[in-house]
Amino acid sequence: MADDVIEMIKTDHRELDRLLEMMQKDKGSRPLALPLAVAMLEAHSRAEEEYVYPVLVEEAGEKEETRHATEEHHEAERLGRRLLEMDWESSEFEQELEKWIGAVRHHVEEEEQDLLTALGEALDSGELRRLGLRFAGQRSEELAGKALRGDGGEAGSSGGGRNGGGPTRDELYAKARELGVEGRSTMRKDELEERVREAEAGV
């Protein structure tokens with residue numbers, strides 16, 4: 001497997017699509033495939049937002065595109081978590097599943113055509129490999145954190161973030177949205193934490 005970040009992201013996309021197709025064709029696969037797909041999507045998205053998207057903004061000038069992609073991440077995650085709470089045999093589930101699959105595939109297509117192309121043009125092979133290591137490390141940490149916390153997709157409001165140390169990025173993002181913090185979509189976790197603290201203090 002290639003170790004550059006573009007190939008890693010595309011590999012994740014293909015695996016996620018395989019799970020989505022499996023759920024469409026085989027209802028019996030859903031109890032296992034759905035939680036796996038939701039966890040994989042969230043870990044993949046967090047790793048992109050933490051390392052890949054900031055590089056796209058700084059090196060390729062893709063600020064608006066990464067903001068749009070981040071919003072699509074959060075919408076896809078919201079739809080995925082909603083599915084985890086639904087009756088998998090209901091007609092409503094079928095409708096929501098198709099909506100979620102459509103949202104994920106639309107995002108993947110846009111990201112591969114636009115953002116990953118721009119990333120490949122902005123970075124050399126060594127930089128892509130170094131970024132790939134950071135992406136893979138963050139992705140693994142996210143997945144390990146979910147396993148340790150026993151997350152079924154819905155982050156508990158009282159359960160701390162990674163390694164038990166404070167709120168998760170998702171929780172900070174939700175709080176920032178609630179407080180009307182502008183530019184929250186492209187902020188790193190530490191930036192979100194600072195801006196939320198400032199907004200709550202009325203700074």
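Structure summary
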| item | result |
| --- | --- |
| Conditions (1) closer than 18 Å to Val38 by Cβ; (2) modelled with pLDDT under 65: number failed by Ser140 | (2) |
| Residue selected from region 44-79 under the condition part of a helix (DSSP H, G or I), of a type in the set (Asp, Glu) and open to solvent by 10 Å² or more (accessible area, probe 1.4 Å), by the criterion nearest to Glu127 (Cα to Cα) | Glu59 |
| Region 85-100, residues that are surrounded by 14 or more Cβ atoms within 10 Å (Cβ to Cβ) and in contact (Cβ under 8 Å) with a residue 24 or more places away in the chain | Trp88, Leu97, Trp100 |
| Members of region 1-34 found to be in a helix (DSSP H, G or I) and closer than 14 Å to Leu133 by Cα, listed by number | Val5, Ile6, Glu7, Met8, Ile9 |
| Region 164-182: number of residues that are loosely packed, with under 12 Cβ neighbours inside 10 Å, at pLDDT below 75 and under 27 Å from Leu56 (Cα atoms) | 0 |
| Near pairs, Cβ below 7 angstrom, 6+ apart or cross-chain, from region 172-196 (among the acidic types (Asp, Glu)) to any residue that is modelled with pLDDT of 75 or more | Glu193/Leu172 |
| Residue check for Ala37: open to solvent by less than 10 Å² (accessible area, probe 1.4 Å), part of a helix (DSSP H, G or I) and within 26 Å of Leu172 (Cα to Cα) | yes |
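Each row is one residue, and each column tells you yes or no for (1) surrounded by 13 or more Cβ atoms within 10 Å (Cβ to Cβ); (2) touching a Ser or Thr at 6+ places or on another chain (Cβ under 8 Å); (3) within 21 Å of Glu59 (Cα to Cα); (4) modelled with pLDDT under 85.
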residue	(1), (2), (3), (4)
Gly102	yes, no, no, no
Gln113	no, no, yes, no
Leu123	yes, no, yes, no
Leu128	yes, no, yes, no
Gly152	yes, no, no, yes
Arg162	yes, yes, no, yes
Arg184	yes, no, yes, yes
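The values are calculated or read from the model by the stated rules, or taken from the named source; none is laboratory data. All values reported here derive from a predicted model rather than from experimental measurement. Don't worry about glycine lacking a Cβ; one is built from the backbone with ideal geometry, like all the others, and counts go over all protein chains shown. Surface areas here come from the heavy atoms of the whole protein model, side chains and all, with no ligands, DNA or RNA. Shrake-Rupley method; radii C 1.70, N 1.55, O 1.52, S 1.80 Å.
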